[in-house]
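No value in this document is a laboratory result; all are computed from the given coordinates. Note that this is a predicted model, so its numbers are computed, not measured. Here Cβ is always computed from backbone atoms with ideal geometry, including for glycine, and neighbour counts include all displayed protein chains.
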Amino acid sequence: MAGVGGVAALAGAGLAWQRLKPHAVMDGAEQAWWDASFKGLAGEEVPMRGFQGKPLLVNFWATWCPPCVEELPLLNSFYREKSAKRWQVVGLALDQPSAVRKFLERMSLDFPVVLGGLTGTDLGRNLGNLTGGLPFTVLFSADGRILHRKMGQVTPQDLQQWGQLG
């Protein structure tokens, strides 16, 4: 009985790991990211191409996602500490614009937040987030290549390691 339980536990852990592991990046996903443009909170167009030339951390999140909300202060601290070292952070909100605006009235962030809409969801899938799980974080190098991707909540250790990549 214990052996069956152990096998079931391993199978469950393997399934969870597979679900939380980003899938392969689709061909052309990096270029599609840099060609994309999103609406800012004031309705302005924010082209992602404007972030090229410096390392970029992109965080896909939503106001209704507890781990997303929990990690935002960490990402904000990372941005404040690393922006002098050329790091950029963009929050890509996959949520209703009114909910994002209302949320950001309560939690002020120093980094830019854009409204992802369906384009953001599609780009997330192309970047390896086939399940659409949140949060999802992608790091781009200064030359626009993907350095790292993570499904799930970031940790201080993640940010410390990533800060050394750029």
- Item | Size descriptor, Kirkwood hydrodynamic radius, that averages inverse alpha-carbon separations across the chain, Å | 16.6
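What is the sum of charges, Lys and Arg at +1 and Asp and Glu at -1, for the other residues whose Cβ falls under 14 Å from the Cβ of Phe111?
Numbers: positive: Lys54, Arg80, Lys82, Arg86; negative: Glu71, Glu81, Asp110.
Around Phe111, the surrounding residues sum to +1.
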- Among Glu30, Glu70, Glu105, residue whose mean-square fluctuation peaks in a GNM of the chain (springs only between Cα atoms under 10 Å): Glu105
- Output ³J(HN,Hα) for the range 100-105: one whole-Hz value per residue in order, computed from phi by the Karplus curve 6.51 cos²θ - 1.76 cosθ + 1.60 with θ = phi - 60°, and x for Gly and Pro. 5, 4, 5, 4, 6, 6
- Item | Vicinal HN-Hα couplings computed from phi for the range 151-166 (Karplus, 6.51 cos²θ - 1.76 cosθ + 1.60; Hz; Gly/Pro x) | 8, x, 5, 7, 10, x, 5, 4, 5, 4, 5, 5, x, 8, 6, x
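Considering every pair of different Cα atoms, what Kirkwood radius, in Å, is found for the range 18-72? It would help to have the intermediate numbers written out before the result.
On the way: mean 1/r = 0.0728 Å⁻¹.
Evaluated on the range 18-72, it is 13.7 Å.
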- Task: Just list whichever of Lys21/Lys102; Lys39/Lys102; Lys21/Lys85 have alpha carbons separated by over 26 Å in the model shown.
- Result: Lys21/Lys102; Lys21/Lys85
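For Arg49 and Thr119, what is the calculated FRET efficiency with R₀ set at 22 Å and r taken between the beta-carbons, to the nearest 0.05? Write out the running numbers ahead of the final one.
Details: r = 14 Å, r/R0 = 0.65.
Rounded to the nearest 0.05, the efficiency is 0.95.
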- Item | Calculated [θ] (222 nm, deg cm²/dmol) that DSSP helices of n ≥ 4 give over the chain, each run adding -39,500 (n - 2.57) | -13000 deg cm²/dmol
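Please report the antiparallel percentage of the DSSP beta bridges confined to the range 60-166, to the nearest 5. Intermediate values should be presented prior to the final figure.
Working: 6 of 11 bridges.
Roughly 55 percent of the beta bridges in the range 60-166 run antiparallel, per DSSP.
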- Label zone at Trp34, where the point sits 7 Å out along the Cα-to-Cβ direction: the range 53-68 residues whose backbone N lies under 16 Å: 53-58
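How much net charge surrounds His148 when only other residues with a Cβ under 14 Å from its Cβ are counted (Lys, Arg +1; Asp, Glu -1)? Can you show the working numbers first?
Details: positive: Lys21, Arg145, Arg149, Lys150; negative: Glu30, Asp158.
Around His148, the charge tally is +2.
Express the relative contact order of the range 89-166 as a whole percentage, based on alpha carbon pairs under 8 Å and six or more residues apart in sequence. Mind showing how you got there, number by number?
Numbers: 72 pairs, mean separation 16.7, N = 78.
The value is 21 percent.
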- Task: Could you list the residues of the range 41-72 with an amide nitrogen less than 18 Å from a label point located 7 Å from the Cα of Gln157 in the Cα-to-C-beta direction?
- Result: 71
- Task: Any chance you could give the angle, 0 to 90 degrees and rounded to 10, that helix 2-20 forms with the longest Cα principal axis of the chain?
- Result: 20
